[in-house]
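A.B. asks: Could you have a look at this structure, given as structure tokens, before my questions?
Every read-out reported here was derived from the displayed coordinates using simple, explicitly stated rules and does not represent laboratory data. These numbers come from a predicted model, not from an experiment. Here the Cβ is made from the backbone with ideal geometry for all residues, glycine too, and neighbour counts use every protein chain on show.
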Amino acid sequence: MSLDEKVTAPNGMEENNAADRPVNFIDEAVKEDLSSGRYEKVHTRFPPEPNGYLHIGHAKAICIDFETAKKFGGVCNLRFDDTNPAKEETEYVNSIMEDVRWLGYDWDDRLFFASDYFDMLYEYAEELIKKGLAYVCDLSMDEMREYRGTLTEPGKESPYRNRSVEENLDLFRRMKAGEFPDGSRVLRAKIDMASPNLNMRDPVIYRIRRAHHHRTGDKWCIYPMYDFQHPLSDAIEGISHSLCSLEYEDHRPLYNWFVENVSVPAKPRQIEFSRLNLTYTVMSKRKLIELVKNGYVDGWDDPRMPTLSGLRRRGFTPESIRDFAERIGVAKTLSTVDIALLEHCIREELNKKAERVMAVLRPVKLIIDNYPEGQVEEFEAENNPEDPSAGTRKVPFSRELYIEKDDFMINPPKGYFRLYPGGEVRLKHAYIVRCESFIQDENGNVTEIHCTYDPSTRGGNAPEGKKIKGTIHWVSAQHALDAEIRLYDRLFSVPNPDAEEGGDYKAFLNPNSVEVLTGCKVEPELKKAGNSDRYQFLRMGYFCVDSKDSKPGCLVFNRIVALKDSWAKQQSK
């Protein structure tokens, strides 16, 4: 989200002056509202429902809400729209607060809950009844659907629509007192059953539901509907701009109707933007809950999930996600973003920041027969060629090493520049070695590779006149640390699992979305690896210490992203 002035981000980093950067249609609308005097200041809010964990689509909304307020010198609230107690939990509240803070934003003292306003919302409902703008209806849900009409046919008025104000007040108060069973009666706004907008056809604004609320307990047996609560909570908080996704565009007339017909302290303006759709994933909270509860993934923070907790555990940084949100921009047009762009954002950041280390994922032993037994050398290795200030480290070298199984072939094809019988290869930072022989087990698997080395090639320098095309990484067998490495791929095998024929998105779950490798060998530098530290494993990709399963003496690394950048390649065509 571009900034129009110099500000300081919540994480303490100073943002660049963005006066010359292009503004989006939300910026233009806010500027117009401020210049016309419609609003004196900008006050936004991020209003999640605490019925699941936040995902990457919410990250876009968070950035828009907080950055829009920040760039115009305003403030942004965090408010939980917690009006459906059957699906809401304190666990979700806590996770959402953690995710918003992790993303780099803070609501200061402006943490609110719609449940804070239950008494006020009830009074607003009575106000509508007294104005003749709401009534208690006894129709069943099926009957209401039948009476509602269609897009081409007007609805029919409920036979209870013309109850008197006194009868409606009496019935509504008895609903509140718990005299009626769940689902037997509702309170509806009296608007227009012939409206071309189905949302305006006398929507339900209160229903009877005996469910324990995570904050108010069993105080209430009636709860306001989202479309009633949401605009009035905005108005109670003095919100100027209610920024929401495009599916609420048809709800805007109803949003405006409530704030115009109830005595609230503010009249917010709703502005819609397109939601984020991402390839190779699903963004429906219902479907994400299904994946978690039915064990298709290992919890909300499974690194394959598009949740912020999953992305955080995978190794994505808040900076990369904010960068992604800025790159995709703010628009009215529905579109699907290639997940390769998200991967590009983290890859671009880590290329600049991540320390380079050597890790052997599928090890086979390499023995240098003419290297002195018991001798250990140390080689100087740069930590990040993109950042000279990152310095260097010492890498131990000994007679027995581990290299990747794929870096040796008995009968290599043409163009293979790694190790093979009689071939030479450069060991990164160390020496040039020549393969003299190898040992296989009874199944034909190579178990040892025997080489000789040229002491004059220390540092990997080839003798004059000799060209060595291949360079491979390694770790000293004597000094290597054991590690488990998890190679994560996309959760689904098709770009749009929701749109594929067959209708069941679960049929397109990628069976190879994770590969767990045990017995991996990493250089001793990783003994200091801390929770969520990120590295580039040379030639292998970018990896992160798993924040959940990695413990001292039991290193676990998650692959964040491979080295290959398909998105950048697409842009260069």
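A.B. asks: With +1 on each Lys and Arg Cβ and -1 on each Asp and Glu Cβ, and nothing else charged, work out how big the dipole of the range 25-275 is about its Cα centre, in Debye to the nearest 20.
C.D. replies: 340
A.B. asks: Using θ = phi - 60° and the Karplus form 6.51 cos²θ - 1.76 cosθ + 1.60, what ³J(HN,Hα) does each residue of the range 394-410 get, whole Hz, x for Gly and Pro?
C.D. replies: 9, 10, x, 9, 9, 5, 10, 10, 10, 10, 6, 3, 5, 8, 9, 9, 6
A.B. asks: Related question: For residue 351 paired with residue 439, estimate the spin-label separation in nm (one decimal), with each label point 7 Å from Cα along the Cα-to-Cβ line.
C.D. replies: With each label placed 7 Å out from Cα toward Cβ, I get 4.3 nm.
A.B. asks: Give me log10 I(q)/I(0) at q = 0.25, 0.29 Å⁻¹ for the range 512-568, Debye formula, one equal scatterer per alpha-carbon, no solvent.
C.D. replies: For the range 512-568, the Cα-only Debye profile gives -1.17, -1.45.
A.B. asks: Give the peptides 381-394, 400-413, 196-209 in descending order of average Cβ contacts within 10 Å, highest first.
C.D. replies: Those peptides, ordered most packed to least, come out 196-209, 400-413, 381-394.
A.B. asks: Ok, one more. Using mean Cβ contacts within 10 Å as the protection proxy, how do 430-436, 78-84 order, highest first?
C.D. replies: The most tightly packed comes first, giving 78-84, 430-436.
A.B. asks: Taking θ = phi - 60°, what integer Hz values does the Karplus form 6.51 cos²θ - 1.76 cosθ + 1.60 yield along the range 204-215, in sequence order, with x for Gly and Pro?
C.D. replies: Here the 3J(HN,Hα) series is 6, 10, 9, 9, 8, 8, 7, 9, 6, 8, 5, 10 Hz.
A.B. asks: What is the dipole size for the chain, taken about its Cα centre, with +1 at each Lys and Arg Cβ and -1 at each Asp and Glu Cβ, in debye to the nearest 20?
C.D. replies: Its charge dipole is roughly 560 debye.
A.B. asks: If r is the Cβ-Cβ distance from residue 554 to residue 94 and R0 is 25 Å, what FRET efficiency results, to the nearest 0.05?
C.D. replies: 0.40
A.B. asks: How much length would be gained if the chain were fully extended between residue 332 and residue 532, taking 0.36 nm per residue of separation minus their Cα-Cα distance, in nm to one decimal?
C.D. replies: Using 0.36 nm per residue and subtracting the Cα-Cα distance, I get 68.4 nm.
A.B. asks: Could I ask something else about it? May I ask you to evaluate 6.51 cos²θ - 1.76 cosθ + 1.60, the Karplus curve with θ = phi - 60°, for each residue of the range 150-157 and list the ³J(HN,Hα) values in order in whole Hz, giving x for glycine and proline?
C.D. replies: So the J values, rounded to whole Hz, are 10, 5, 10, 10, x, x, 10, 5.
A.B. asks: Amide H of residue 280: which non-local residues (sequence gap of 5 or more, or other chain) have their own amide H closer than 5 Å, using H built in the peptide plane?
C.D. replies: 496
A.B. asks: Follow-up. Compute the distribution of all C-alpha to C-alpha distances in the chain, in bins of 10 Å from 0, and list the percent of pairs in each, rounded to whole numbers.
C.D. replies: Histogram of Cα-Cα distances, whole percents per bin: 3, 14, 21, 20, 16, 10, 7, 5, 3, 1, 0.
A.B. asks: A further question on this structure: Run the numbers for residue 482 and residue 38: contour at 0.36 nm per residue of separation, minus the present Cα-Cα distance, in nm.
C.D. replies: Separation in residues times 0.36 nm, less the Cα-Cα distance, equals 153.5 nm.
A.B. asks: Then there's this: Wrap a convex hull around the Cα atoms of the range 25-275, take a quarter of its surface area, and give that in square nanometres.
C.D. replies: Over all viewing directions, the range 25-275 projects a mean Cα-hull area of 13.7 nm².
A.B. asks: Considering amide H positions built from the backbone, and no H for Pro or chain starts, which residues 5 or more places from residue 223, or on another chain, come under 5 Å of its amide H?
C.D. replies: 207, 209
A.B. asks: Let me ask another. Extending each Cα 7 Å along its Cβ direction at residue 170 and residue 461, get the distance between those two points in nm, one decimal.
C.D. replies: 10.2
A.B. asks: Report the FRET efficiency, 1/(1 + (r/R0)^6), for residue 406 and residue 184, where r is their Cβ-Cβ distance and R0 is 60 Å, rounded to 0.05.
C.D. replies: It comes out at approximately 0.30.
A.B. asks: Non-local amide H neighbours of residue 356 (under 5 Å, H modeled in plane, Pro and chain starts lacking H): which ones?
C.D. replies: 384, 536
A.B. asks: If r is the Cβ-Cβ distance from residue 152 to residue 250 and R0 is 22 Å, what FRET efficiency results, to the nearest 0.05?
C.D. replies: 0.90
A.B. asks: Rank 74, 104, 55 by how far each Cα sits towards the positive end of the charge dipole of the range 42-117 (+1 on Lys, Arg Cβ; -1 on Asp, Glu Cβ) and give me just the farthest.
C.D. replies: Farthest towards the positive end: 74.
A.B. asks: Given a cut-off of under 8 Å on Cα pairs at least six residues apart, what relative contact order in percent is computed for the range 359-473?
C.D. replies: 28
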